[in-house]
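The values are calculated or read from the model by the stated rules, or taken from the named source; none is laboratory data. On a predicted model such as this, the values are computed, not experimentally measured, just so you know. Cβ atoms come from the backbone with ideal geometry, glycine included; neighbour counts cover every protein chain shown.
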Amino acid sequence: MIAKTSIGSSFSGAIHYGAGYTVEGKEIMGKADLLVTHNVVSRDPEGIAAEMQQEASYSRCKTPVWHSSISWKPEEKPTREQMIETANRYCQKMGADPKDHQIVVYEHHDKPHQHIHVYINRVPTDGSKALETSHNYARNVRICKEITQELGFSKLEKLEEGKLRHVAVNQEDAQKVVNIAIKAALKEESETPEDMERRLKEKGIDCKYKIEEGRLKYSSYSYQGVPIKGQDVGFTAKQLQARLDKNLEVKKEQSQQVKPEPEHKQKRGRGMGF
């Protein structure tokens, strides 16, 4: 197993290539399969790229796109689950914890050997320092060797499905429902975590918020029995609090603009006739 890495600035071209299409929608290879995503709600390349570019815009990092291709030998035939597990371990060892970074993994079928493309947003969702890019070649060699030694394909086949960070269909649907509901609540000018919780509850979504000193520090949800982390619906606790703060600020500005100015009436005395 070998890996090659490149760094870039635009998620649009990178993700569309991963999905098997150009930005204009022209197919450039026989077939590409989306294997797994972390911290993005969309499943189409345009939506995924937009989410990742938006997250990167909060940082001064000019090259937020991390793209690694991981290839197996022609005689090696990894399963879908093996490729997902390999990608997750690769990201973790590179310093991109799937809990803190947006990650998208595609499998391509345009070459004789099996290979995947891993896209990482170097800018983490918690706003901390961007993923380090130095010594990529040496790190790739070391990490690929470690993963091969740790997993071994014969052992990997015996892993239980539940241990893999694979998003089931019902999980995807639940994530989309919560994401849409949060966006709707923000559009309706929700200003506080309590108000957001009330609005989502009306739509059958249970919220678990941790608030410290009036600020949202942790968020998770549950829809139709499916538990969902806040970061998996496109809004970390920090991002959601920022959007709520913005709504509150806009409301204050609007109230100041429409506030009637005090009337200054000039008293007029009646003229006296002579």
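How many residues does region 46-69 contain that are over 10 Å from the mean Cα position of the chain (by Cα) and among the acidic types (Asp, Glu)?
Number of matching residues: 1.
Find the helices (runs of 4 or more DSSP H) located wholly in region 112-221 whose residues include 2 or more that are crowded, with 20+ Cβ neighbours inside 10 Å and modelled with pLDDT under 90, and list them.
Per the criteria, 169-187.
Need the failing condition index for residue 103 against (1) within 24 Å of residue 127 (Cβ to Cβ); (2) without any contact (Cβ under 8 Å) to a residue 60 or more places away in the chain, just the number.
Failing condition for residue 103: (2).
What about residue 47, is it assigned to a helix (DSSP H, G or I) and surrounded by fewer than 20 Cβ atoms within 10 Å (Cβ to Cβ)?
yes
I'm told residue 104 meets every condition in (1) closer than 15 Å to residue 4 by Cβ; (2) in a strand (DSSP E or B) except one. Can you identify the failing condition by its number?
(1)
Let's see how each residue does on (1) part of a helix (DSSP H, G or I); (2) at pLDDT 85 or above:
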| site | (1), (2) |
| --- | --- |
| 235 | no, yes |
| 238 | yes, yes |
| 241 | yes, yes |
| 244 | yes, yes |
| 248 | yes, yes |
| 253 | yes, no |
| 257 | yes, no |
| 261 | no, no |
| 269 | no, no |
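Scan region 54-68 residue by residue and report those that are surrounded by fewer than 16 Cβ atoms within 10 Å (Cβ to Cβ) and either touching a His at 6+ places or on another chain (Cβ under 6 Å) or in a loop (DSSP other than H, G, I, E, B) (or both).
57, 58, 60, 62, 63
Considering region 44-55 alone, what residues qualify as being out of contact with any helix residue (DSSP H, G or I) (no Cβ under 7 Å at 6 or more places or on another chain) and either touching a residue at least 60 places away in the same chain (Cβ under 8 Å) or not polar (S, T, N, Q) (or both)?
The answer is 44, 46, 47, 50, 51, 55.
If I go through region 21-43 residue by residue, how many of them are within 22 Å of residue 88 (Cβ to Cβ) and in a loop (DSSP other than H, G, I, E, B)?
The total comes to 5.
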